[in-house]
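Some notes on the structure that comes next.
Each reported figure results from applying straightforward, stated rules to the coordinates on display, with no laboratory input. This one's a predicted model, so the numbers in the text were calculated from it and none came from an experiment. Reconstructed Cβ throughout: ideal geometry from the backbone, glycine too, with neighbour counts over all protein chains shown.
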Amino acid sequence: MITTAAALAPEYIRSIAPYVPGKPVEELARELGLDAAHIVKLASNENPRGPGPRVLAALTAAATELPRYPDGNGFALKAALSARFAVSPEHIVLGNGSNDILELAAQAFLRPGDSAVYAQHAFAVYPLATQARGARGIEVPARDFGHDLDAMAAAVTPDTRIVFVANPNNPTGTWLPPDAVERFLRAVPASVAVVLDEAYNEYLEPGQNAHATRWIARHPNLIVSRTFSKAYGLAGLRIGYGVMDPAVAGLLNRVRQPFNVNAFAQAAAVAALADDTYVDESRALNRAGLAQLVAGFDALGLRHLPSHANFVLVEVGNGAKVFDRLLRAGVIVRPVGNYGLPAWLRVTVGLPSENARLLDALPEALAEARAAVPVA
Ligand SMILES: *Cc1c(COP(=O)(O)O)cnc(C)c1O
């Protein structure tokens, strides 16, 4: 009998359930024979405005750097981030998206036999990164769809090496106030790394920002992860960063690829970071768009969760069916059955016209999905 290489891969790799991304616009256009320009994608929590003009200018200028390898140490971007957060550049690790930071943390801390703690309905990458290291995931039941931090601290075992906390969380949009997170940090043993994933931090109202990087001096086990993919509108470039104790950063830097962040991404991120006005405008647009979506859901009598991010979870009965009907109307949203939420859809806040397209298509999609359910 021939044993294939694939069959001999570790069982913990073979049993991984692959990540399911939002459906690309071009793919739906091909499948339905639709014009891509008429498709609305509210499925991956991207900034509907894209990046600002300063970023586009920086990208054009960066084209001259293409023949050379990028700066593997990310000098300019680390300098800008270190000024922003009042930490030394040695506290910063750059990633190919913040997903890279999550993976690097798992790589640095987890081995087979270890465990990682995360919440039910939390971001899908935590179980993926855990399983890819052969470690065991401890999923802690959610409370009101959000993280139950007391239960998570209590779930830490002697073999736990990482706890993942998403604030705000994707896909639920739930948010933990700063004092609750700080209390949690005091409750978790200093020997356990806490990855605080703040991918949506820039969408919080200024008074809600925990400024978590200030906690690192007191809690050297804390890794704060941020991204340029969401509010900064740079999802396609893949750039994120982590702020952490220099000793922890040293570990993540040992396991990362030497050139994990490309030259365009570094140049764009420096420019994006210098344009706070653009982020403020994006936050305001998001606030208005959330209100628009929520008003529409209320008018249809649909339950939704209070969101602190640029998306909202809405209960539609059969998420997969309504998702499918919306696709046929050229509107892509995100079914969240793989998050244990089969009755819900996650809708990214788009431009006002895009939100209106969804709200226009929704009543018929709901009716069709209901009609498609055989009645006993
Ligand atoms: C989108 C997202 C990320 C990662 O995005 P990157 O594009 O890899 O930076 C991380 N965490 C959460 C909770 C997210 O929703």
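Taking every Cα-Cα distance in the chain and sorting them into 20 Å bins from zero, the calculated P(r) comes out as 28, 57, 15, 0 percent.
Taking 22 Å as R0, compute the FRET efficiency from the Cβ-Cβ separation of R30 and R328 and round it to 0.05. The formula returns an efficiency of 0.95 here. Between L32, L305, L176, find the one with the highest GNM mean-square fluctuation for the chain; connect C-alpha pairs within less than 10 Å. So, out of L32, L305, L176, the one fluctuating most is L32.
Remark: spin-label model distance R143-A299 equals 3.7 nm, labels positioned 7 Å along the Cα→Cβ axis. GNM remark for the chain: springs join alpha carbons under 10 Å apart, and the peak mean-square fluctuation among N260, N338, N45 falls on N338. The spacing between the range 152-193 and the range 352-368, judged by their C-alpha centroids, is 37 Å.
Rg over Rh of the range 68-221, using C-alpha atoms and the Kirkwood radius, what does it come to? My calculation puts Rg/Rh at 0.96.
For the listed peptides 122-129, 291-298, 330-337, a ranking on the average number of other beta carbons within 10 Å per residue, highest first, reads 330-337, 122-129, 291-298.
Kindly flag which residue pairs out of K41/K230; K23/K230; K230/K321 have an alpha-carbon separation exceeding 24 Å in this structure. Distance filter (> 24 Å) returns K230/K321. The calculated FRET efficiency for the pair A61 and D276, based on their C-beta separation and a Förster distance of 30 Å, comes to about 0.90. For the range 313-363, a/c is not less than 1.5, where a ≥ b ≥ c are the root eigenvalues of the C-alpha gyration tensor, and a/b tops b/c. That puts it in the prolate class. A cut-off of 5 Å between modelled amide H atoms, ignoring neighbours fewer than 5 places along the same chain, links R136 with G113, D114, S115, A116. Between E182 and I13, the modelled labels are 4.4 nm apart [label points 7 Å from Cα along Cα→Cβ].
On the basis of the beta-carbon distance and an R0 of 25 Å, S191 and A86 show a calculated FRET efficiency of 0.40. Annotation: for a label point projected 7 angstrom from Cα along Cα→Cβ of A247, residues of the range 171-205 with backbone N closer than 16 Å are 189-194.
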